[in-house]
1. Convert each backbone phi in segment B:183-198 into a coupling constant with the Karplus relation 6.51 cos²θ - 1.76 cosθ + 1.60 (shift: θ = phi - 60°), then list the ³J(HN,Hα) values in order as whole Hz, x for Gly and Pro.
2. Show that you can apply the helix-only estimate: for chain A, add -39,500 (n - 2.57) for every DSSP H stretch of four or more residues, divide by all residues, and state [θ] at 222 nm to the nearest 500.
3. Report the charge-dipole magnitude of chain A in Debye, nearest 20, computed about the Cα centre from +1 at each Lys and Arg Cβ and -1 at each Asp and Glu Cβ.
4. B:Glu198: net charge of surrounding residues, Cβ under 9 Å, Lys/Arg +1, Asp/Glu -1, itself excluded?
5. If you plug each phi of segment B:141-149 into the Karplus form 6.51 cos²θ - 1.76 cosθ + 1.60 with θ = phi - 60°, what whole-Hz ³J(HN,Hα) values come out, in order, with x for Gly and Pro?
6. Roughly how compact is segment A:186-322, stated as its Cα Rg over 2.2 N^0.38 Å to two decimals?
7. Calculate the length of the line joining the C-alpha centroid of segment A:367-410 to that of segment A:61-79, in whole Å.
8. Run the numbers on segment A:294-413 and let me know its relative contact order in percent, using alpha-carbon pairs under 8 Å that are six or more apart.
Amino acid sequence: MDYQALKRQYLDLAGQVVAKAARQGALAEAYLTAGEELNIEVRNQEVEALTTARDQGLGLRVIVDHRVGFAFTTDFSPAALELCVEQALANARMATPDEHNCLPARYHGYPQLDLWDPEITTTPLEKKIETTREIERQARAYDPRVKITESCSYSDSRYLVVLANSQGIAAAYHAANCGASTFVVAVENDESQTGFGLAYGLKFKNIDPVKVGREGAAKAVRMLGAKRINTQRAAVVFDPYVATNFLGVIAPALTADAVQKGKSLFRGRVGQQVAAPVINLIDDGRRPDGIASSPFDGEGVPTAHTVLIEKGVLKCFLYNTYTAARDGVSSTGNGARGSFKTTPEVGTTNFYIEAGSRTPEEIIKEIPRGLYVTEVMGMHTANPISGDFSVGATGIWIEKGELTTPVRGVAIAGNILGLLEAVDAVASDLTFFGATGAPTVRIASMTISG
Amino acid sequence: MLLPEEDLQAILQAALQQGGDFAEIFLERRRSTSIGCEEDKIERVTSGLDQGAGIRVIAGENTAYGYSNDLQRESLLATAQLVAGAVKGQPRQREIKFTRPPSRVEFTIKKRPDQVTVAEKVNLVRRANDAARAVDQRITQVTVGYGDVIQEVTIANSDGVLVDDERVRCRLVVNAVASDGRHIQTGYESAGGHQGWELFEQVNPEEQARLAARRAVMMLEARPAPAGKMPVVMAGEAGGTMIHEACGHGLEADLVQKQLSVYAGKKGQQVAADIVTVVDDPTIPGKYGSYRFDDEGTPGQKTVLIENGVLKEYMYDYLAARKEGRRSTGNGRRESYQDRPIPRMTNTYIAPGKDDAGAILRDTKRGLLVKRMGGGQVNTTNGDFVFDVAEGYLIQDGQIGPAVRGATLTGNGPEVLRIIDRVAGDLGFGLGICGKDGQGVPVGDAQPTIRIPELVVGGILDEEADK
């Protein structure tokens, strides 16, 4: 696709839809996306599946007498767009008025970000297939016990985002990202264990098939021979992937939306110590090579670098335009849209715990007895409102500062606030899994149920 | 019909022009409405139109897939050509003659959601909101979500299958938050089905809302769940998350064929206690996982997966079935035109037994009673699963004791199925969205009251609870 040409064409289209709704007395905002995707799946060195796709869609938000209405369509024919405008206006009439409903005004300039790696588009399909095959070869070569490929895939996506509103915003950008992952199974005797490796980012050259393949294999192999343990209290270390899983539970509680609606365990705690002093938590919509980086958010507000927790002290929350109006502050550029099918809510961009200075080995060395957790199951059942969580866990037992035998079938439970306070060390290995990142994190003591 | 027959033929021919054994087109037009209420406000009223087509070509073990939401003939031909170019094979001309397979079951939608005004839907949401808030002063927040979808599909393939279908679903979810100033807890309740507005003839929105609110308030008074191994009684009304995770996923044929399931190669073997029978059935009218045809045009069917403890059958889609030279069980499902079909569950349940639910509880001296399950997850490769207890109680001397919060049950599918020692006759359905390979599809699940003599409860140790 010629994204420059498409940008002009769709800015024009979005402008027309906005004008149509505005003529009927509404504030209006059109958010339009169009893009292409590629996904390659390899198994046993064969391309098992190849998917190519193109899609587009437009979401229209209108505000009439402080009431919000929304409609979306993937059909850009004049009749379908006309119907979309009518439905959005009709839906607004059903909503409850709220004086804080508003649209952002025009901004002077957006951050200049490098979001388009031409190599993602110009690299031939054959080369991408070969990269995927190489990941699988590397995983298999790592250890003969790596016998099954659950999946081994490469994917990329190239897309255009256009935003126009009746307050003067007319902006667009195009971006691309790519990634690769492998899930393999190591088999010994009657036992099977899974492991994964992955890499996602904005640059094709950063996908290292050797690293992805070997990481998946190493994680599977080291779990072979896993045993159950008895219920006890001990130190717990989360590897970066497990730590990012917990960040997913914390994220909603740090949105102004949850705070205003009384659904956040951080409500009323700005300025207070909510986590151990070793924790700095950041949301950065401009981070270089951040997969969620963009010049503006889902409402046309410039993205920002926001420090949420500094040395354990809660500094602020994340805002979109509505929640900011309600608190009388400025939006932090966190008007997040899952797709053109939804209105902008408050959400994170690149969200991470800042790295500490010591290596993971150093912080593990200080543990007399504990569990190094490498995978958790059922994280989506954790309750972001109460903060209560209870998850299945697998990992490796730590004895006298050394990783010893693999452990499976245990559960760890607690409350996320207690967990944040109990962190006593953060390592230097900040790793991103998609848009969420964390280093290795150590918890002084927790219940491990076995 | 979302496209004339001759266009479907031309697109399938184009998809096969570079070779390939099988081509298929899945066209979808999805109209949806959703309403969200929070803080006593109707915050969000959304209408949407999402339409598109997915084209698939299979050659040997390889699949090429492409999708687009431009449904014009020329654009779909271009997509078909793009997909065709991704497979290697011997091109051959093939005549495609369509026949329409009969459905095994007819569903009646009494009142389509597009015949109901948005005002009426908004009113339903308000009724639920008001009812939840009236339950207790400690209810601090209520979120009510209503959603309906009318999904029209046209599915055609080079074997000559042509199916037109319409799936109608309605859903109501209520989330209540309760706070006593010290603790904050939540309660959740949902209802939905492959049904129109008549869903609300059987489901009272106020009653749903009160259930959610009462659960949130009760959780404030609940004590932290104990940790460690103990007997677990799961009530018939608890939903079927456990069976969905403990064995359902492991019986999906794609995972079995890739040796990613602990149930691989075990057909004909005893994999569960002989009082355990497990069934998957999309043909039950009105359930959330019901359909007449799956997303490949195969009629839905009732499949007995485990009968009296013996593994009888796996769940197949077209591709998995073809690999074994057999027929699909009608379990090929996809989230939308953007996704390839894969074997999925529909409505999955443990069949009712002969025991009495009350007697099972009375015969259990101590343990955990699960009255409502939440979400879950499984590692199909080794069978380890986990699920969340949304409402649970301690069992003391065969009686229901105090409520507990924050419990998670973790176990191993085959181990748990083998030790189930009691199965009652009361069957209660739950509903949810099941995720697999990044695709979410509506499912139903159920079980009667059962007892598992020993399961790991992930709570916290007493020393901590006493703090």
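1. 10, 10, 9, 10, x, 9, 8, 9, 9, x, x, 7, 8, x, 4, 4
2. On the way: 10 runs with 112 residues, N = 450.
My calculation for chain A gives -7500 deg cm²/dmol from helical runs alone.
3. Numbers: 44 positive and 51 negative charges, 132 e Å.
Magnitude of the dipole: close to 640 debye.
4. Details: positive: B:Lys110, B:Lys111; negative: B:Glu201.
Around B:Glu198, the surrounding residues sum to +1.
5. Listing the rounded values in order: 8, 9, 10, 10, x, 10, x, 9, 9 Hz.
6. Here the Cα radius of gyration is 1.38 times the empirical estimate.
7. 46 Å
8. On the way: 188 pairs, mean separation 19.2, N = 120.
Over segment A:294-413, the number comes to 16 percent.
The values are calculated or read from the model by the stated rules, or taken from the named source; none is laboratory data. Keep in mind the model is a prediction, meaning the values are calculated, not measured. Here the Cβ is made from the backbone with ideal geometry for all residues, glycine too, and neighbour counts use every protein chain on show. These area figures cover heavy atoms from the full protein model, side chains too; ligands, DNA and RNA do not enter into them. Shrake-Rupley method; radii C 1.70, N 1.55, O 1.52, S 1.80 Å.
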